[in-house]
Amino acid sequence: MMEQEFSRELNFPEGYVLNVDKPLEWTSTDVVRKIKYALERIGWRRIKVGHAGTLDPLATGVLIVCIGKATKRVEELQAERKEYIADIVLGATTASYDLEHPVEGDFPWKHITRPDVELVLRQLTGERLQTPPVYSAKKMEGRRAYEMAREGEEPEMRRALVNIYEMELLECRLPEEPRLRVRVECSKGTYIRSLAHEIGVGLASDGYLEGLRRTRSGEYRVEDALEMEKIINILSGAKQI
């Protein structure tokens, strides 16, 4: 349905909200830049394009891209509830709490049972304060936290209020492997990387994110999202109206 709608001749400046399945290793800015360039090539020279809710490069899934007058809806769309599928490894960590940095540390994990995991997930559910990762885009005195961290500084990260509405343990490989798959429904501003670390610490171990897929943002679902290759192909044959 989404592909058929997007394939029609559209008056993009009047506003269009595009549900993109962000590729692995692309930044959210990469997606916006590619779409804007494709629109410019078919004649929309000064059109506005923006995204509603950043996804890390190592995450995939729903990235809402607003085109034309729809960019006025960015804040509204960012505020919507999000859903993720998170693959978490216990017994180790990384500086960024994901695979952007090398795995380090050797923490115990063989004591952990499925009931332990389910208990910690319940304890971490609800409204609470969360500390963002040091390697994040949070601004500290006008600079990004990750820029400071890469220069050897240790930014003091401020905790932010988030809401974890629901967590469901989809897969638990314990005791054979220290790996979990968790479905998370959460508010804007929640760092799933930090959540992976918090789950590990709550289990008297540590943890990091091995993979992340955003499956929903508000009413937009990943099963309806378009892949970038398809979007670019459609735009290359589109016409202005």
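Quick note: the coordinates plus some simple rules give every number you see, no bench work behind them. Bear in mind that the values here come from a model prediction, so they are computed numbers and not experimental data. When we count neighbours, we look across all protein chains shown, and the Cβ atoms used for this are built from the backbone with ideal geometry, even at glycine.
What the table below lists for this structure:
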{"quantity": "Acute angle (nearest 10 degrees) that the helix 28-41 long axis makes with the longest principal axis of the chain, alpha-carbon atoms", "calculated": "10"}
{"quantity": "Amide proton proximity set for L226, modelled H, under 5 Å, gap of 5+", "calculated": "N19, V20, D21"}
{"quantity": "³J(HN,Hα), Karplus 6.51/-1.76/1.60, whole Hz, each residue of region 100-108, x for Gly, Pro", "calculated": "5, 10, x, 5, 9, x, 9, 10, x"}
{"quantity": "Projected label distance in nm at T54 and K69, using a 7 Å step from Cα toward the beta-carbon", "calculated": "3.0"}
{"quantity": "S136 long-range amide H proximity, modeled H, under 5 Å", "calculated": "A145, Y146"}
{"quantity": "Separation of alpha-carbon centers, region 59-123 and region 168-197, rounded to whole Å", "calculated": "7"}
{"quantity": "With Cα atoms, 0 to 90° folded angle of helix 192-202 axis to the chain main axis", "calculated": "10"}
{"quantity": "Net length gained if the chain between R173 and R41 were fully extended (0.36 nm per residue, minus Cα distance)", "calculated": "42.6 nm"}
{"quantity": "Long-range amide H partners of G61 with built H, under 5 Å", "calculated": "K22, R214"}
{"quantity": "J(HN,Hα) series, region 170-180, from Karplus relation 6.51 cos²θ - 1.76 cosθ + 1.60, nearest Hz, glycine and proline x", "calculated": "8, 8, 9, 8, 5, x, 5, 9, x, 10, 10"}
